[in-house]
Amino acid sequence: MLDSLVTSKTRIKLLLKFFSHTNSGYLRSLAKEFEESTNSVRVELNRLTEAGLLLAEDEGKTKVYKANKQHPFFTEIKNMVSKFLGLDELMEKIVKRLGEVERAYIVGDYAMGIDSGTVEMIIIGKNLDTKYLQFIKDKTYEKVNRKVKVELLEQDPGNLNGLLIYGA
């Protein structure tokens, strides 16, 4: 879906990076992460910055980029990226039918804004329906073509580094 609207693969990677999480990045690290030339990443960073979708801030000699949360289309782009990744539908289905879910986190690559093809989740709760979980994981793979790895915990260990997508 997103790749039919946006033809630049580098631009798609940048949108996924900045709008799937509150990430920031600088040119060289992004080029290395995406395995792209610094020039192609620079061109797209400049285009997105000129469009007002990204903000560029100087930190010493390094220019750091992040999503412009004040942009009128920020929420729409974030929602579109979320749908592209399949996270919104996945989480809604899991939380509604899984049982007594207290919290749900996206961890790993997706929490860092990297579309690696595997969505890693941690779900915290009690009396969770593991049969349904397996069913929804298989269905999600069929729909969004991404592997889903889920770890179930009864209590929040308190040191999870990821996106809290459900709970307080």
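Here, each number is a calculation from the coordinates, and none is a lab measurement. Only a predicted model underlies this, so the values are computations on that prediction, with no experimental measurement involved. Cβ: placed from backbone, ideal geometry, glycine included. Neighbour counts: every protein chain shown.
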**Q.** Exposure proxy order (Cβ contacts within 10 Å, fewest to most) of 166, 65, 141
**A.** 141, 166, 65
Q: Pull out the extension gain between residue 109 and residue 141, defined as 0.36 nm times the separation in residues minus the alpha carbon to alpha carbon distance; nm, one decimal.
A: 9.8 nm
(Q) Only four residue types carry charge here, +1 at the Cβ of Lys and Arg and -1 at the Cβ of Asp and Glu. Report the dipole size of segment 2-77 about the Cα centre in Debye, rounded to the nearest 20. (A) 120
Q: DSSP loop (so not H, G, I, E, B), at most 11 other Cβ within 10 Å: list which GluC sites (Glu not before Pro) in segment 103-168 pass both filters.
A: 154
Q) What GluC sites (Glu not before Pro) does segment 27-72 have in DSSP loop regions with at most 11 other beta carbons within 10 Å? A) 35
(Q) Among the listed pairs 13/83; 9/63; 78/149; 9/93; 93/139; 78/137, which have their C-alpha atoms separated by more than 18 angstrom in this model? (A) 9/63; 78/149; 9/93; 78/137
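Taking a quarter of the surface of the convex hull around the Cα atoms of segment 2-77, what do you get in nm²?
Here the figure is 4.9 nm², rounded to one decimal.
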Q) Could you give the angle, 0 to 90 degrees to the nearest 10, between helix 38-50's Cα long axis and the longest principal axis of the Cα atoms of the chain? A) 90
Q.
Where in the chain is the longest stretch that carries no trypsin sites (Lys or Arg not before Pro) classed as loop by DSSP and with at most 13 other Cβ atoms within 10 Å?
A. 70-168
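Å³ per residue of the Cα convex hull, for the chain?
Normalising the Cα hull of the chain by residue number yields 125 Å³.
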